[in-house]
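These notes are about the structure you will find just below.
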Amino acid sequence: MNLHFEDRQKLRGLAQPVEPARDLWPQIATRIGSRPRASQRRLHWLALAASVAGVAVLAGVIGIRAMQGGHAPAAAAHPDALIAASGRPSNHWKPTDPRLRGAAVELRAAQGELKQALAIAPHADYLQQLLERTERQQSHLQRLEHEAG
Amino acid sequence: MSREHPKIFWRTLLCSAALAGTTLAARADTPIHLRHDAAPDATVVIRNVKGDVRVTGWNQDRVQVEGNLGSGAKPLQITGDARAIEIKVEGAGGSGWFGNSDNMGPTSLEVRVPHAASLEVHTVSAPVDVDGMDGRSIQVGSVSGRVHLGVRAGSVRADTVSGDIDLAGTAHEFEAQTVSGDVQAATLGGNANAQTVSGAVLLRGGAMGKVNLGTVSGRIQLQAAVATDAAWKIDSMSGDVRLSLPTDASARIKADTFSGDLHSDFGKATGSDHGPGEHLDTRAGQGSGTITVNSFSGDVHIQGGMH
């Protein structure tokens, strides 16, 4: 047996969502409220400056690519965008319904393990099929959550 | 304290008690007694979020619903005609299938349907028990409720997220899918397709034709005879696989593990070309069927001598 995977299985059992014992928001709200106004003003300016810088960098990148006349390679796109485009479920999906949350964690863990196994044995078709099944199950859960309203 | 004060006190207390009683009565479960004519081979669809659902086949051409409707649910009705019937429990203020279920009490449904009807049951957390049915199709979907099927149907399909699935009857086509629930069937025959992520697959039966079993980390056990034209495919990543076959089984058996151990009463396993695992390619009897087992790190045991 491969102990590495056994250990991962045990760890997976611990990866369950935990609800806080009390409502943490009032304390957070108090802390936010108690922050000095001057500090908040500084933060506003910093955020504004960061936004302007971000837009400038983005415009620069787009401009350079446009001047190069080429299209961005597919691999440069965000993996989630690629998954969404290909109809595969997103890895960042977190169901709001508590009845689906544990299963979502488990499916993500299983997909991670299968991808690791595939990296070691890339010609194992059955691992690819198992991975595709877990993705279909994740899509099924997403549909259920959508139906939950 | 004046003489009037005790009177006011008692009146207030009585009014409060009456009000509390009315509120409790409004929130209490409502008994269900519904009937509807049904064709012997009707399709019956039942939807309940939480509580429980028990369906029993009977020899009458009608559907009967008994039980208790949970507080906060809309009044229950049987809708449709004699060929297609629906029984749906919904929250009074909810939209969507899980429909505001946090504010709704559990509903208990005891449904009798013509035994040859086709059945479809959908629940969220309600366990489902189906007994005495022999129609062409039985389909059950649940999120966390367990599913027990004491049926003899052409096709049985069960789908859960975490609920266990238990087939205590027969089905020509048995299909089960779950994330963490276990799948069990003790008297299988025909074809079976069971897929889990971490749940166990424990199947036993007579001669099996097309079999497709898969798991990521759950264990798989199959004890069955091999039909003449059998095609079995069993895949696991880290779960162990155990097959029990009759000594006179007739099949070509191929098994591969990447790093798991491989033990077989048929043929002799050798070291794998692809990793530290093992490989088996052998013929049992005439080799009429095919059995293919793949495991990445789980162990594989193929035993003969099943009775």
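The numbers here are math on the coordinates, done by the rules we state, and not lab data. Owing to the predicted nature of the structure, the values given are computational and were not obtained by experimental measurement. Please note: Cβ atoms are built from the backbone with ideal geometry, for glycine as well, and neighbour counts cover all protein chains shown.
Values for this structure:
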item: Amide H contacts of B:Met133 (H built 1.01 Å from N, under 5 Å, at least 5 apart or other chain); result: B:Gly57, B:Arg152
item: Centre separation in Å (Cα based) which lies between the stretch A:92-128 and the stretch B:25-84; result: 38
item: Cβ-based charge dipole, the stretch B:108-214, positive-most Cα from B:Gly169, B:Met208, B:Ser198; result: B:Met208
item: Cut-off 15 Å, label 7 Å out along Cα→Cβ of B:Arg204, residues of the stretch B:220-234 by amide N; result: B:221-225
item: Highest-fluctuation residue, B:Thr123, B:Thr196, B:Thr290 considered, GNM on chain B with Cα pairs under 10 Å; result: B:Thr290
item: Amide H within-cut-off set for B:Leu262, under 5 Å, with H built and near neighbours excluded; result: B:Val300
item: Cα lying deepest toward the dipole's positive end in the stretch B:109-261, options B:Pro114, B:Ser250, B:Val179, charges on Cβ; result: B:Ser250
item: Relative exposure of B:Asp248, B:Asp134, judged by other C-beta atoms within 10 Å (fewest first); result: B:Asp248, B:Asp134
item: Debye, to nearest 20: dipole size of chain B, +1 on Lys, Arg Cβ, -1 on Asp, Glu Cβ; result: 920
item: Cβ neighbours within 10 Å from other chains - mean over A:124-133; result: 6
item: Point-charge dipole on Cβ atoms (K/R +1, D/E -1) for the stretch B:249-307, about Cα centre, debye to 20; result: 260
item: Amide hydrogen neighbours beyond the local backbone of B:His115, cut-off 5 Å, H modeled; result: B:Trp58, B:Gln60
item: Structure-based [θ]222 nm, chain B - -39500 (n - 2.57) summed over DSSP H runs of at least 4, per residue, nearest 500; result: -3000 deg cm²/dmol
item: Listed residue (B:Phe296, B:Phe266, B:Pro276) projecting farthest to the positive dipole end of the stretch B:252-307, Cβ model; result: B:Phe266
item: Listed residue pairs exceeding 20 Å between alpha carbons, taken from B:Lys50/B:Lys74; A:Lys115/B:Lys254; A:Lys115/B:Lys268; B:Lys210/B:Lys233; result: A:Lys115/B:Lys254; A:Lys115/B:Lys268
